[in-house]
Structure formats: C-alpha cells, structure tokens
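Structure first, then comments.
The values are calculated or read from the model by the stated rules, or taken from the named source; none is laboratory data. Remember, predicted model here, so these are calculated numbers, not experimental data. FYI the Cβ positions are ideal-geometry reconstructions off the backbone, even for glycines, and counts take in every protein chain you see.
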Amino acid sequence: MSHDAAREKFGGLNIGAVFFGWLVAIAITILLTSIIGAVTAAVGSNAAISQTDAERQAGTIGVVAAAVLLIVLTIGYYTGGYVAGRMSRFDGGRQGFGVWILGLAVTVVAILLGAVFGAQYNILDRVNLPRLPISTDQLGWGGLVTAIAVLALTLLAALVGGKVGHRYHDRVDRAARP
C-alpha cells in the first residue's frame, strides 16, 4: 500500500492518540505544578514575609504566578501534543489540535459543573486560605490577559508538539523508501 493510500485510509483524527495525549498533558501539568508548589512552600516557610510585604508585592506575585502557570501549561500541552503525534501514524499537528480541543472541552465542562453545583460542592469555602489583596478590577483584566495567553500558547504548544512527535514517522518513511 502506498503512503498516500495509507494516509487516505488511516489519516485524520485519531481519538485514542488524542485521549492519551490529553492524559499526558494533564499529568505533566499536575506533576510540574506539584513540584513548583512544594518548592514555593519550602522557600516561603523559610522567608519572613509579613502581610504588609505581601500586600505591597501582590501585583508582582500575580504576574509571576500567571507566568509560571503559562509555562507549566505550555510544557504540558507540548508533551501531550507530542505523545498524540507520536502515537498516530499521520497528521501530528491535527492530533495536537485534538489534544487541545479535548482539554478545552473538559475545562468548559468543569467550569459549567462548578457553576451549577458550585455552592454545594465548593471545597474552597471550607478551607481557610490566605487571600492576596488584589482588587477585582486588576484580577479581571489580569485574568482575561492570562486566559487569552493560556489559550494561544497551549494551542501553539500542542500543535508544535504534535508535529515534532510525528517527525518520527516521517524519518521511518524516509528510511523505508528504496
């Protein structure tokens, strides 16, 4: 069977590769977030930071947190796209896009479920967490900018990861040709 015939028959979105790529993206994100959280907690427990210092540095803390979130999610979606592209015989970029779409769909469903059932199952209301003194206006614009950056960079990372993961199959095809 020629390469074009195989692509016609087996090409397109591979749901299995997309699903497992998404699982890897989530796992890497959770793992990196846990590591960063542990390091931050260890450093924070050794530093003598008062409430006043935290209030003065709230903007910087928010920007750093957004940047770290962006980096972690970008790495996670790159690896998820890579796995999906590597698992699928054809269309690595499409597999990476599928990983991103699945992640977006799961996030939207989680937000909707949280909005519908949030009051009843809101765990954060039962936990006494420290609050950063940031105005809701700053939080709104900062959150919007961060959300747009997250959407754009995770999409790009998943697409590039899918393409890079698929390069393995291209190398095998080149080696197999007479």
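Of note:
- Test result for Gly62, out of contact with any Ser or Thr (no Cβ under 6 Å at 6 or more places or on another chain), surrounded by 17 or more Cβ atoms within 10 Å (Cβ to Cβ) and at pLDDT below 80: yes
- Of the set (1) at pLDDT 65 or above; (2) surrounded by fewer than 22 Cβ atoms within 10 Å (Cβ to Cβ); (3) part of a helix (DSSP H, G or I), all apply to Tyr78 but (2).
- The residue pairs whose first member lies in the stretch 26-38 and is farther than 18 Å from Val106 by Cβ, whose second member is part of a helix (DSSP H, G or I) and among the β-branched types (Val, Ile, Thr), and whose beta carbons are closer than 8 Å, counting only pairs six or more residues apart or on different chains, are Leu32/Val72; Leu32/Ile75; Ile36/Val68; Ile36/Val72.
- Scanning the stretch 81-99 for residues that are aromatic (Phe, Trp, Tyr), surrounded by fewer than 22 Cβ atoms within 10 Å (Cβ to Cβ) and in a helix (DSSP H, G or I) turns up just one, Phe97.
- Residues in the stretch 123-178 that are of a type in the set (D, E, K, R), loosely packed, with under 12 Cβ neighbours inside 10 Å and modelled with pLDDT of 70 or more: Asp170, Arg171, Arg174, Arg177.
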